[in-house]
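Have a look at the structure below before the remarks.
The values are calculated or read from the model by the stated rules, or taken from the named source; none is laboratory data. All values derive from a computational prediction rather than experimental measurement. Backbone-built Cβ (ideal geometry, glycine too); neighbour counts: all protein chains shown. These accessible areas exclude ligands, DNA and RNA; they are computed on the full protein's heavy atoms, side chains included. Shrake-Rupley method; radii C 1.70, N 1.55, O 1.52, S 1.80 Å.
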Amino acid sequence: MSAWDIIIPVITLIAGLVGGFFIGVFYLRKQIEKMQSDPDMLQKMAKQMGYNMNKQQMQKAQQMMNRQKVGRR
């Protein structure tokens, strides 16, 4: 058993974890951007979390998400 039998799988595991993390972050950001422009999607997410939001609360949540988006870039 050589050192390469251990090194290659470890490097592959690390590369897979890092790649998966960045793909997950990219996917999550895209989903959040979609939610900002689609109030129905935001309402659906809120219901899944156990919240029932009225129109005023929905507008406030969208404004908050838009402010975070502008501040980050």
Residue-normalised value, i.e. accessible area per residue, for the chain at 1.4 Å probe, in Å², stands at 89 Å²
Across the chain, how many lysine pairs, 8 or more positions apart or on different chains, have C-alpha atoms separated by under 20 Å? Please give the number.
12
May I ask you to rank Ser37, Ser2 by accessible area, largest first, using a 1.4 Å probe over the protein chains only?
Ser37, Ser2
What Rg and what Dmax come out for segment 1-59 when only alpha-carbon atoms are used, in angstroms?
20.2, 66
To the nearest 20 debye, what charge dipole does segment 3-54 have about its Cα centre, counting +1 at the Cβ of each Lys and Arg and -1 at the Cβ of each Asp and Glu?
200 debye
Keeping the other protein chains in place, figure out the carbon and sulfur percent of the accessible area of segment 9-50, with a 1.4 Å probe.
72 percent
